[in-house]
Amino acid sequence: MSARTAAPPVAPNATAPRSDAAILRRRRLIHGSLTGIALVYAAVLLIAPLAGIIWAAIKAGGHAWVETFSQPDVRHAFYLTLIITATTVVVTAVLGVVVALMLARDPFPGRALVSAFVDLPLAVSPVIVGLACVLMFGTGGWFKPWFDAHGIQIIFALPSMVLVTIFICIPFVIREVAPLLGELGTEEEEAARTLGASSLQTFFKVTLPNIRWALLYGIALTTARAIGEIGAVLVVSGQITGHTETATLFILRAFDEGRDAQGYIVATTLALVSVLLLSGIEILKHRGERKLAS
Amino acid sequence: MATRTGSLDAPPRPPLPRLDPGAGGGAAPRPRRRPPWGRWGLRATALLYLAVMVALPIVAVLTRGFGNGFGALKDAFAAPGAWKAVELTLVLAALTAVINGVFGTLIAYVLVRYRFPGRAALSTIVDIPFAIPTLVTGVMLRALYGPASPVGSFLERHGVHVIFAPAGILLALLFVTLPLVVRTVQPVMLELDRSEEEAAHVLGAGRIRTARSVVLPHLRPPIAAGMLLVFARAIGEFGAVVIVSGNIIGKTLTAPVFIFGLISQFKPEQAAAVASLLFGLSFVLVLVTERLVARRPAKEPEE
């Protein structure tokens, strides 16, 4: 058990052989108690709430599930979450790969600054992201006159909800793909080019297959984050029931209106979707790595 | 090996090389004579994307918040509970950083150094907060500690208030930020040279002395980086907090929820001013963190 603890192969204090057993016992005690504390902390902090919500969702009963999902509001909320998530995934994946290619392959001055900008969304509170969107497109905003003149509604409508979700999800694909591109180098791509492949062919036949697991993992993280986004979407959406209400906004309203059971049911569904998605990708990724290794 | 795990929401994987082509050979000059249309196109697309999607919104917040000097900021802090909200947020974020700094490091240590039944499970459990939507975290805590659950009513009977109290906010922040410390410290611990510890041991240093003078100096930067990340994330957390805090002005109202309140009251300038403060603080913390994480490889060259 304690084979991996920092123990020298020979007892250090050879002058006192009697203490060997004592040292071993003490080490086992330390080992056991540290492991115990770590497990208890993780269980109390992370597992107990998970058990709590599953209990609450089961206690609500099957008919509550049926009732919840037969509401048009709930269905529309999930539909809206799906649309926002899908758009966000497409935009952040495609443009994320472009940014990653630039960061990894194009040593231009100011790359460090660009890299910092990529990480910026991670440091910004979602509420502030929503606020920025309101400031740009809302009353008195820079772009409001133009969009008004063209009859396009941004705030309190789908476009602003997609925009803020994209902002929040920008880093995930880039941070997964860029390091890998740097590690891979350009040898294979050069070979393909030498053999007469065009830039596009090289990208789709060589580069993309090489980065696909990192890309998929980044997409999974993006999806999980987009599904769960609340702060920014709350600010820009106006929470119009059946119109600009996402699944997370529905949960918030359900608790506000005292329909706790429905809140628990929708929240459990979201949690299950996110966990399944990430663990699925994790398994696929391990399989892919093993295949590559063999 | 440099890692990029030192940022908020770091991916739940151990070490990643930096966004730096450097050793990867990506920067090798390509002997071609074609005009670099592709490169310029790539550059323009990438920079435009980041400028429009990231830089512009930030500029919008800063200019609106401080367009009329510090007037908006003063007005915002004249509101009842404004200072309290900022104070509560900073105190809770600091507490979260300290508690998760200790337990996150402990979990990383146990994961790296010990083999025990349940180790794989612990490693998976630590990543749960990355997958669970933050609002759902709040809902989970409400389900467990709310008055409707046996645990919640038991605690309530004994005078412990979790939901709609600072304790609930603290639990939510602890939940959301735990992986940040574990995944920042773990890769460094994996790379530690065991023979240094053994040498100290052979030379007669006790376990505590070995830990203090051999192990800790290596671990200080990643632990500090992890804690700063936790702090930065905790300052801005909204989803997990909003549903457990009850948002009682002067008692459980946090700064992000306060900003949200200002927006709902159609005071965008004041909201932008407070947001700029909050944002500035967390951005500085993230920059410091990147320094802390990046400094490490210079001291320990790879084998």
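Please treat every number below as a calculation from the coordinates, not as lab data. None of these values were measured; they are calculated from a predicted model. All Cβ positions, even for glycine, are placed from backbone atoms using ideal geometry, and neighbour counts span all protein chains on display.
Can you count the Lys pairs in the protein assembly as shown with C-alpha separation below 26 Å, eight or more apart or on different chains? The number of close lysine pairs in the protein assembly as shown is 9. Within chain B, the longest run free of trypsin sites (Lys or Arg not before Pro) that sit in a DSSP loop with at most 15 other Cβ atoms within 10 Å is B:116-250.
Using a/c under 1.5 as the rounded threshold, could you call chain B rounded, prolate or oblate? The axes a ≥ b ≥ c are square roots of the C-alpha gyration tensor eigenvalues, and prolate needs a/b larger than b/c, oblate otherwise. Verdict is oblate for chain B. Label positions at A:Ala22 and A:Lys205, each projected 7 Å from the Cα along the C-beta direction, are separated by 7.3 nm. When chain B is treated as a GNM with alpha-carbon contacts under 10 Å, the residue of B:Thr124, B:Thr96, B:Thr137 showing the greatest mean-square fluctuation is B:Thr124. Counted as membrane-span-like here are DSSP H helices of chain B whose alpha-carbon atoms extend 27 Å or more along the helix's own axis and whose Kyte-Doolittle mean is -0.5 or above; these are B:82-113, B:166-191, B:216-236, B:268-299. A simple rule links phi to the HN-Hα coupling: the Karplus curve 6.51 cos²θ - 1.76 cosθ + 1.60 with θ = phi - 60°, which for the stretch A:236-246 gives 8, 7, x, 6, 7, 4, x, 10, 10, 9, 7 Hz, with x for Gly and Pro. Charge dipole (Cα centre; +1 on Lys/Arg Cβ, -1 on Asp/Glu Cβ; no other charges) of the stretch A:12-166 amounts to roughly 920 debye.
Which listed residue (B:Thr184, B:Ala148, B:Val214) has the Cα farthest towards the positive end of the charge dipole for the stretch B:134-214, taking +1 on Lys and Arg C-beta and -1 on Asp and Glu C-beta about the Cα centre? So the residue we want is B:Ala148. For the residues of B:40-46, the average number of beta carbons from a partner chain within 10 Å of their own beta carbon is 5. Over all other residues within a Cβ to Cβ distance under 14 Å of A:Arg75, the charged ones net out to -3, with Lys and Arg as +1 and Asp and Glu as -1.
A Förster radius of 35 Å combined with the Cβ-Cβ distance from A:Ser33 to B:Trp83 puts the calculated FRET efficiency at roughly 0.25.
Rounded, prolate or oblate, given the Cα gyration tensor of the stretch B:69-148, with a/c below 1.5 counting as rounded? Judged from the Cα gyration tensor, the stretch B:69-148 comes out prolate (a/c at least 1.5, a/b above b/c). Farthest toward the positive end of the dipole of chain A, out of A:Phe147, A:Leu45, A:Leu82, is the Cα of A:Leu45, where the dipole comes from beta carbon charges about the Cα centre. Its DSSP H runs of at least 4 residues, each contributing -39,500 (n - 2.57), put the calculated 222 nm mean residue ellipticity of chain B at -21500 deg cm²/dmol, to the nearest 500. Helices in chain A that qualify as membrane-span-like (whole DSSP H runs, Cα extent of at least 18 Å along the helix axis, mean Kyte-Doolittle hydropathy of 0.0 or higher) are A:19-42, A:72-105, A:111-123, A:158-184, A:208-228, A:260-293. Overall form of the stretch A:135-264: oblate. Here a/c, set by the Cα gyration tensor axes a ≥ b ≥ c, is 1.5 or more, and a/b is not larger than b/c.
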